[in-house]
Amino acid sequence: MTPAIRQPEPLGLVPGPFHDRIAALNRQQGWTGWMGHASPTVLDTVEFEYFAIRNGTTLFDISPMNKYRIAGPDAEAVVNRLVTRDIRKLKPGRVAYAIWCNAEGNVVDDGTVFRLAPNEFRLCCQEPQLGWLDDVAWGYDVTITDDSAAIAALAVQGPTSCAVLKAAGLAGVEELKPFDIRSFRVETHDIMVSRTGFTGDLGYELWMAPGAALGLWDRLMEAGRVRGIRAIGYAAVEMARIEAGFLLPRVDFLSSQTHLRPGRARNPYELGLDWLVALDKPHFNGRRALLALSRQRPARRLVTIEIDRDKPAHHAFVYHRKRREVGFVTSALWSPTVKRNIACAWIEAPWVQDGGDLWVEIYRQRELTWNRRMARARIVERRVFDSARRRATPPADF
Amino acid sequence: MSWDAIVVGAGHNGLVAAARLGQAGRRVLLLEALEGPGGLLGAPAAGQGAGSGGTGPGVRIAAQPTWLNPIVTMGLGLDRYGLGPGVAQPTRAWGPDGPVTLTAGSALGVAPETAAAYAALHARLRRLAGPLARFMGRTPPPLNGAGAGDLLALALDGLALRRLGRADMRELLRILLSNVWDLLEDSLGDGPLAGALAFDATLGGAMGPRSPGTVLPLLYRLAGAPRGADPEILIGALLKAVAATGGVLRCGAPVARILVGDNDRAEGVQLESGEEFRAPLVLSNLHPRRTLTGLLGVAHLDAEDVRRARLMATRGMAARIDLRLATLPEALPAGTRLVVAPRLGAVEAAFDGAKYGGLPERPVLEAVLVPGAVPRLAVTATFVPHAPAGSWTGKSRGTLETRVVAALDEALPGLRSEVTGIETMTPDDIEARYGLPGGHWHHGEFRTDQMLMLRPFARVARYRLPVAGLYLCGAGSHPGGDITGLPGWNAAGQALKDEGKRR
């Protein structure tokens with residue numbers, strides 16, 4: 001098994017397959033680096049872009065994501081050895097959200113596993129994983145290919161996204177249930193569509209050859225003109241993902257491959273991802289450690305909290321009875337859709353169970369003067385924005 | 001037939017482990033792939049080393065008189081089984097200006113001040129090796145999560161180190177990770193004396209005397225016993241010790257895989273013939289890489305452990321060459337070891353060639369006479385690459401043999417004309433015959449990042465493997481390498497301790 005190595009990239013951020021269109025719309029000229037690609041932060045205003053996710057259709061270039069193809073007679077065994085879920089239950093044409101752990105039971109990364117065929121998988125994730133996959137697959141009959149540069153990907157998310165895709169010529173897309181995959185022929189290109197996303201709303205992700213990217217973009221923009229379509233940047237996606245309760249590596253937790261200090265890695269029980277761990281399947285990476293961890297109470301938990309008033313609790317400490325420091329906030333947002341002040345926070349175990357009398361200290365600057373204020377906080381459900389649109393099949397037409 | 005424990009591989013560590021388990025009342029089955037026990041110490045197969053189609057009596061890999069660590073000889077009471085007292089073996093270090101004879105702590109044939117310096121160095125290194133010897137006879141401390149017992153043991157080790165005193169402690173820390181060249185040159189100056197010690201410090205591995213970390217193997221070797229017994233006698237005593245405790249040895253029984261139950265516990269082994277044996281305890285004396293990625297199988301292992309097993313340094317660089325002689329060389333008395341490594345630079349130069357895959361122009365070597373109807377000179381030559389320029393050929397074997405004979409002919413003039421036959425076991429041959437990856441007779445390089453709590457690598461350094469009931473008991477584990485019997489002794493002890501906890 002010889003994994004293909006990506007060719008060295010030029011210095012600096014490189015343009016992605018949709019770059020020409022995004023650059024033309026990027027009035028703010030706001031760019032950030034994402035796996036070496038120029039990715040927009042905000043094109044126009046974050047408010048417009050956020051509300052487009054919840055009320056129209058949005059286009060967000062997710063091509064910089066790492067994409068790996070795992071194929072061969074042992075592909076199922078390798079993926080099942082990699083992730084903590086029982087991947088044998090994943091049928092071809094379906095996608096599963098999954099995490100994978102190191103030998104100590106700490107999370108290496110999370111991502112989505114696409115079962116394209118009985119012996120062919122695609123893994124999409126944030127952190128580069130080729131070396132890790134190579135290690136996990138050693139001794140097995142599979143080929144692992146880094147497809148990151150070979151596949152362009154576009155997230156099409158929002159309540160009118162299904163209608164946009166249909167109007168763009170993807171007839172039958174309304175039949176896709178959440179986590180379904182189907183291929184469509186658009187003009188001369190094959191477009192693979194999965195009903196997946198990072199917004200907690202109705203939405204799809206489109207996968208194609210880079211050569212098909214710009215043509216598809218134009219088609220979608222045309223079809224979306226009367227359906228509120230808008231290209232968006234990362235800032236709006238970040239708001240939506242906090243509402244939807246999705247975790248972000250490097251923000252909410254550190255991959256066991258990226259932390260330096262001991263004790264900074266996190267296990268699935270701390271992250272509240274127990275439901276992803278199938279201890280009853282045969283050996284997989286980290287199983288023995290996870291078995292032991294499953295019998296202990298986690299030392300801390302990542303939870304969603306709701307905070308009084310409307311000031312987002314960025315970088316705040318969490319206190320018990322306003323005195324004892326028991327945790328801290330990783331992501332915070334005043335949710336414009338559900339009108340709740342929410343945050344993602346690490347809280348030490350005893351106070352997760354107790355749950356009462358939690359406070360956050362909110363820091364605010366007004367004209368170069370800092371204020372702080374204690375606000376009451378409660379642990380709430382992880383998914384604060386939970387719309388029936390996410391599940392409805394067929395989705396509403398527009 | 002059911003067993004309390006199965007030991008895979010009847011090398012000396014396997015025999016020691018089986019005997020210790022037997023002593024504790026366990027019914028032990030010892031399985032050996034080859035036709036006889038002893039591993040590298042065991043009797044060779046006829047024709048072994050004679051090249052393609054050749055015949056000969058065969059080359060015993062560990063032909064030198066050797067001795068187990070006293071913890072093992074006393075623990076198993078091997079004197080009851082005919083081990084005998086052993087004999088001290090002097091070393092004759094050849095040099096162009098005459099030989100130097102070394103016995104424990106004294107050097108003859110050098111200037112008085114050099115002899116005094118050697119005596120002082122030997123005493124100093126023995127003293128510094130003392131605290132190390134404490135670590136050797138038991139499971140190494142854990143890298144994290146130490147229990148009360150571990151902490152107590154560590155505290156006592158700390159105390160032993162403190163007892164060295166400030167000057168010695170500073171000296172130990174100064175030389176521990178340094179290279180043996182600097183130590184020897186500083187203490188003794190260059191010459192056959194320093195050359196012989198540098199040879200001993202680097203024998204069997206893939207590091208030259210200038211490589212960092214080569215002092216530590218020398219300290220390890222000094223912590224052992226300065227005696228030796230014939231390999232046959234040693235193996236014979238161990239076999240008797242196993243048999244006396246009811247252990248059963250089955251040879252010609254290569255194990256294909258270790259059986260693991262649904263409860264993630266070792267359940268026994270399956271032979272290549274398909275035959276199965278069941279036991280709740282399995283100890284493997286095979287090389288860690290073979291045990292993990294071969295017998296156990298990667299499906300039972302986390303990727304990190306597979307990676308470490310695959311990548312552990314295990315490139316052997318020692319070849320064994322037997323010369324059949326018409327007459328005994330007068331210049332080498334029986335029972336004396338000859339070392340041909342006349343200068344520190346000779347050892348390093350031999351390593352330089354092998355480092356890049358070439359045969360050394362002038363191998364450095366040790367040789368002992370093996371008495372018998374046809375006298376033999378048993379030679380260990382280093383640094384011989386595992387596969388020169390890709391693979392061994394008849395030509396490269398011939399080149400190695402010619403160079404070894406040339407080197408010996410200088411030390412024992414006239415030897416060349418007495419040679420009536422040559423048999424050679426290259427590292428590649430040793431790998432093929434004994435199933436040792438890289439042909440490394442220490443089952444893995446003897447260097448700082450593969451010693452103590454990192455031998456053979458993190459997470460399996462305490463003999464216990466991730467699958468419950470399965471243990472490593474070979475030279476790949478702490479304290480590892482050479483002939484000590486300690487890995488087998490410690491592993492059996494750890495297995496018994498864990499079993500006690502489970503009950």
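Below is a table of values for the structure above.
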item	result
Cβ neighbours within 10 Å from other chains - mean over A:374-381	0
Proxy reagent accessibility, fewest Cβ within 10 Å first, across A:ILE229, A:ILE362	A:ILE229, A:ILE362
Set of the range B:71-96 residues, backbone N closer than 14 Å to the point 7 Å along the Cα-Cβ line of B:ASP190	B:96
Chymotrypsin sites (Phe, Trp or Tyr not before Pro) restricted to the range B:292-395 and DSSP loop, no more than 12 other C-beta within 10 Å	B:TYR356
Inter-centroid distance (Cα atoms) of the range A:58-73 relative to the range B:87-126, Å	68
Virtual paramagnetic centre 7 Å along Cα→Cβ of A:ARG366, amide N under 17 Å, in the range A:308-327	A:309-313
Distance (nanometres) between label positions extended 7 Å along Cα→Cβ at B:ALA46 and A:HIS259	6.4
DSSP loop GluC sites (Glu not before Pro) with at most 12 other Cβ within 10 Å: longest gap in chain A	A:1-186
Of the DSSP H helices in chain B, those whose Cα atoms cover at least 18 Å axially and whose Kyte score averages -0.5 or more	B:112-136, B:148-163, B:231-244, B:394-411
A:THR145/B:TYR356 FRET efficiency (R0 45 Å; Cβ-Cβ; nearest 0.05)	0.85
Normalised contact order of the range A:67-146, rounded percent, pairs of Cα under 8 Å and 6 or more residues apart	41
Mean Cα-pair separation over length for chain A, i.e. relative contact order, pairs under 8 Å, 6 or more apart, %	18
For the range A:248-398: relative contact order, % (alpha-carbon pairs under 8 angstrom, 6 or more apart)	20
Potential extension, A:GLN353-A:ARG309 segment - 0.36 nm per residue separation minus Cα distance	13.4 nm
Where Rh is the Kirkwood radius over Cα pairs, Rg/Rh for the range A:67-146	0.91
Gap separating the Cα centres of the range B:380-448 and the range A:120-170, nearest whole Å	52
Quarter of Cα convex hull surface for the range A:299-398, i.e. mean projection, nm²	8.5
Between the range B:458-477 and the range B:216-247, the Cα center-to-center distance that results, in Å	22
Cleavage-rule hits, trypsin sites (Lys or Arg not before Pro), the range A:215-268, DSSP coil, Cβ neighbours within 10 Å at most 15	A:ARG225, A:ARG250, A:ARG264
The range A:298-337: trypsin sites (Lys or Arg not before Pro) in DSSP coil with no more than 13 other Cβ atoms inside 10 Å	A:ARG309, A:ARG321, A:LYS322, A:ARG323
Lysines whose Cα lies under 17 Å from that of A:LYS91, excluding same-chain neighbours fewer than 8 positions away	A:LYS177, A:LYS281
Stretch gain in nm, segment B:THR399-B:VAL419, where the contour uses 0.36 nm per residue and the Cα spacing is subtracted	5.6 nm
Distance between modelled label sites at B:ALA244 and B:ARG310, nm, 7 Å Cα→Cβ extension	4.6
Kirkwood-based shape ratio for chain A, expressed as Rg/Rh from alpha carbons	0.96
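Each value in this text was obtained by applying a stated rule to the coordinates, not by laboratory testing. None of these values were measured; they are calculated from a predicted model. Because the Cβ atoms are built from the backbone with ideal geometry, glycine has one as well, and the counts that use them run over all protein chains shown.
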